[in-house]
Amino acid sequence: MALAGRERLIKAQKIKVNSLLAIADFSKHSRVRRFYVIDVEKVEVLINTWVSHGFNSDVDRDGFPETFSNVSGSEKSSLGFMVTDVTYNGAYGYSQRLKGLDSALNSNVFSRAVVIHGFGGLDAHRASWGNISTSQGCLMFSDLESGLFWG
């Protein structure tokens, strides 16, 4: 689905041709590595790591997000295609802004300050407990592995 959507966005000239595609697979439990960075041209997974979901997306707190939102203050994850924007140093260190490409699913992620950033509560040790941290809607990655993105 991600590849087909990428192709539609390229044809619609909403994104530039880029060999990298990142996927957050929210159908998987939060304690498994469910974020992928794929080199589409080489057909190679470059990064596979843990990623958070929004606190209020996981209604029954079972590790699976069930609901999503495009509304400020919802503390839910957003779905759909997004592109990366500017980087900055914030409360969680080096971070990157996101812009949504779908008016219904994620057009407000930039104004909601849904960003990519590192966090200490996402790693193999916590995953073994089944206690992966949630966010206010941001895509948080393990501090131990977030350097893979920035390096």
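The values are calculated or read from the model by the stated rules, or taken from the named source; none is laboratory data. All figures in this text were calculated on a predicted structure; none of them were measured in a lab. Positions of Cβ are generated from backbone atoms using ideal geometry, with glycine treated the same way; all protein chains shown enter the neighbour counts. The accessibility values were calculated without ligands, DNA or RNA, using every heavy atom of the protein model including side chains. Shrake-Rupley method; radii C 1.70, N 1.55, O 1.52, S 1.80 Å.
Below, the figures for the structure above:
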{"item": "Amide H within-cut-off set for A22, under 5 Å, with H built and near neighbours excluded", "result": "I38"}
{"item": "Lysine pair count for the chain [Cα-Cα under 19 Å; pairs on different chains or 8 or more apart]", "result": "6"}
{"item": "Estimated 222 nm signal from helices in the chain, with DSSP H stretches of n ≥ 4 weighted -39500 (n - 2.57), rounded to 500", "result": "-3000 deg cm²/dmol"}
{"item": "Additional length obtainable on full extension of the chain from K16 to V59, 0.36 nm per residue less Cα span", "result": "11.9 nm"}
{"item": "Value of relative contact order over the chain, rounded to a whole percent, pairs C-alpha under 8 Å and six or more apart", "result": "20"}
{"item": "Within the accessible area of the range 29-90 (1.4 Å probe), percent carbon and sulfur", "result": "56"}
{"item": "Per residue value of the accessible surface for the chain (all protein chains in place, 1.4 Å probe), Å²", "result": "56"}
{"item": "Pair T87, D143: separation of 7 Å Cα→Cβ label points (nm)", "result": "1.9"}
{"item": "Equivalent ellipsoid dimensions for the range 27-151 as semi-axes, Å, which come from the Cα gyration tensor, largest first", "result": "20, 19, 15"}
{"item": "Nearest-20 debye value, the range 18-151 charge dipole, Cβ charges on Lys, Arg, Asp, Glu", "result": "140"}
